[in-house]
Amino acid sequence: MTKYILFIAAYPTVDKQKEGMFQRIKAIDAEFEAYNRTYLSISLVSHKSKTEEIIGNVRIVYVNWFIHFVFISKMIKSADYIYVHSLYNFKFLIGASLKGKNITLDLHGSVPEELEFYGEKLKSLFYNEVERVAYKHVTNLIAVSYAMVDYYRKKRKLNERIKCVVKPIYPINSISESKTDDVDSLKKSLNINDSNVVFVYSGNLQKWQNFELMIQCIRAMNNPNYRFIIMTQEEERANEIVSKLPNSDSVVVKSVLPKDLNLYYSIAHYGFILRDDIVLNRVAAPTKLIEYLSYGLIPIVKTINIGDSVKMGYEYISYNEDLNGLSAKKSDKNEEVAAAVVFLAENRYITGQVLNVDGGMVMS
C-alpha cells in the first residue's frame, strides 16, 4: 500500500529556488522524489479559493488557514507521514488532531531566537509557544548542526522519543575544483602575484555580518603584500565605505555570481566571518564558513563557536590578534573538516528516518 506523505510547506518551484529556505526544501524533496507526495501550501491572507496543481508525482494544494481549516485537518488526519518545514509552518497544525501522527519538523533555524535578535519580541514569544506545542507531537527532528540538536535537547528537555537527525544543506556550485587557467587569469586580472596574501569576504552588509568591524580590521592591516577581495551584492555601498580606507588601493569590491565563487576562494588564504557569540551563530551551519573551509581558507573570526566547526577542530584566527604578519598559506585541516560536513549534506538518509525504514542516521 502506498504511503501518503504530506509536506507542510510551499513547493520549491523554479522561481523560488534562489531563496535560502526553498533551497533547503528542494534538497529535502529530492530525497522523496520516488514517492507520491502532497505539498500543502497554507496562507493566512491569500488562497481564498482552494486550488491545486500537479507537477510530476507531486500534488500541490493552495489553501487559506482560516477558510479551509476543516480541509486542512482532514488532510492531516489522512496522512501517514507529515513533514513540516520550519516553525513558521508548524503553526498551521495547531488546532488539528496530531495524536499518534508521525511528524517530522525540519527546524531550518532557531526561529524564536532569530525573531528576538531582530527585535520582534511579540513574534518571538508567539513562536516560542508554537515550538513548545510542536515538541509535544514531533517524532523526528531535523537540524542543520549537532550544536543545534544539543541546544534544543537542553532547551526543550528532549527525550529519546524524538529522533534527531543532522542534515546541513550546501550549494554545490560554490564548492568545486577550479581550472588552473581560470585561476591564473583571475589572479592576473586582479594584479595578484604569488607573494601576495589574499583575504576574502563573501556576503552583504547586514549588521549581523559585522561588516564595519571587518573594515576596521582591514584599516589596521598595513602589510604591503596583503590583498583584499570583498564579494557582495551591495557593491556600490561597499565601494563607498572602502574608498575612505587609507589602504583602499589593496581592496577590490566585486559582485560575484555563485558559480564563480570557487575561483576567488582558490586564490585566497583567509576569509572574514565575524559573527557574534549568540545562539543564532552557535547553532548555525553557515554556507560561507563551509565554503571557506572547503578551499583551505583560515577564517578570521570574532567567535570561534559557529556551528559544529569548533568541535571538529577547524583552524581559525581571532580578529583581535595581530593580523599584520600572516603568511600565504592554506589549511589542510580545514579542508578535512569541510569534507566531513559536506558528506552529511550529500548523503540521503532523511527518507529512511521519516518513513521508519533502514538507512536512517540518528543522533545518539
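The values are calculated or read from the model by the stated rules, or taken from the named source; none is laboratory data. Given the structure is predicted, the values throughout are model-derived calculations rather than measurements. Using ideal geometry, Cβ is built from the backbone for each residue, glycine included, and neighbour counts are taken over all protein chains shown. All accessible areas refer to the heavy atoms of the entire protein, side chains included, with ligands and DNA or RNA removed. Shrake-Rupley method; radii C 1.70, N 1.55, O 1.52, S 1.80 Å.
In the chain, how does Rg compare with the Kirkwood Rh, expressed as the Rg/Rh ratio over alpha carbon atoms? Please list the in-between numbers first.
Details: Rg = 22.6 Å, Rh = 22.3 Å.
In the chain, Rg relative to Rh is 1.01.
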Checklist entry - When only the heavy atoms of the protein chains count and the probe is 1.4 Å, how do 45, 130 rank by accessible area, highest first? => result 45, 130
Item to check | Descending principal axes extents, the range 139-199, alpha-carbon based, whole Å | outcome: 57, 21, 12
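Helix-derived [θ] at 222 nm for the chain: sum -39500 (n - 2.57) over DSSP H runs of at least 4, divide by residue count, nearest 500? Before the final figure, lay out the partial values.
Working: 14 runs with 125 residues, N = 364.
So the calculated ellipticity at 222 nm is -9500 deg cm²/dmol.
Step through the table entries 123/288; 123/302; 167/311; 302/333; 77/167, compare each Cα-Cα distance with 22 Å, and write down the pairs that go over it. The partial results should precede the final answer.
On the way: 123/288 28 Å; 123/302 28 Å; 167/311 17 Å; 302/333 20 Å; 77/167 27 Å.
Distance filter (> 22 Å) returns 123/288; 123/302; 77/167.
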Checklist entry - In the structure displayed, which of 154/330; 154/207; 91/121 lie more than 27 Å apart, Cα to Cα? => result 154/330; 154/207
Checklist outcome for this item: Rounded to a whole %, the carbon-and-sulfur portion of the accessible area of the range 102-218 at a 1.4 Å probe is 51
Checklist outcome for this item: Taking Cα pairs closer than 8 Å and at least 6 residues apart, the relative contact order of the range 229-286 in percent is 34
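Assuming R0 = 41 Å, what is the FRET efficiency of residue 157 and residue 240, from their Cβ-Cβ distance, to the nearest 0.05?
0.25
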Item to check | Of all accessible heavy-atom area on the range 245-354, the percent that carbon and sulfur account for (1.4 Å) | outcome: 49
Next on the checklist: Rg/Rh for the range 1-127 to two decimals, with Rh computed the Kirkwood way over all alpha-carbon pairs.
Outcome noted: 0.96
Checklist entry - How large is the accessible surface per residue of the chain, computed with a 1.4 Å probe and reported in Å² as a whole number? => result 48
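By how many nm would the segment from residue 66 to residue 339 grow when fully extended, if each residue of separation counts as 0.36 nm and the alpha-carbon distance is taken off?
Values: separation 273, 0.36 × 273 = 98.28 nm, distance 4.58 nm.
Separation in residues times 0.36 nm, less the Cα-Cα distance, equals 93.7 nm.
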Next on the checklist: Per residue of the range 302-317, what does 6.51 cos²θ - 1.76 cosθ + 1.60 with θ = phi - 60° give for ³J(HN,Hα)? Whole Hz please, x for Gly and Pro, Karplus curve as stated.
Outcome noted: 8, 10, 7, 8, 10, x, 8, 4, 5, 5, 8, x, 6, 8, 8, 9
Checklist entry - In whole angstrom, how far apart do the alpha carbon centroids of the range 242-299 and the range 30-78 sit? => result 39
Checklist entry - If R0 is 25 Å, what FRET efficiency do you get for residue 46 and residue 120 from their C-beta distance, rounded to 0.05? => result 0.70
Checklist entry - What residues from the range 262-299 fall in the zone where the backbone N is under 17 Å from a label point 7 Å along the Cα-to-C-beta line of residue 318? => result 273-278, 299
Item to check | Nearest-10 value in Å² for the accessible area of residue 121, using the 1.4 Å probe | outcome: 150
Checklist outcome for this item: In nanometres, the difference between 0.36 nm per residue of separation and the alpha-carbon distance of residue 310 and residue 189 is 40.0 nm
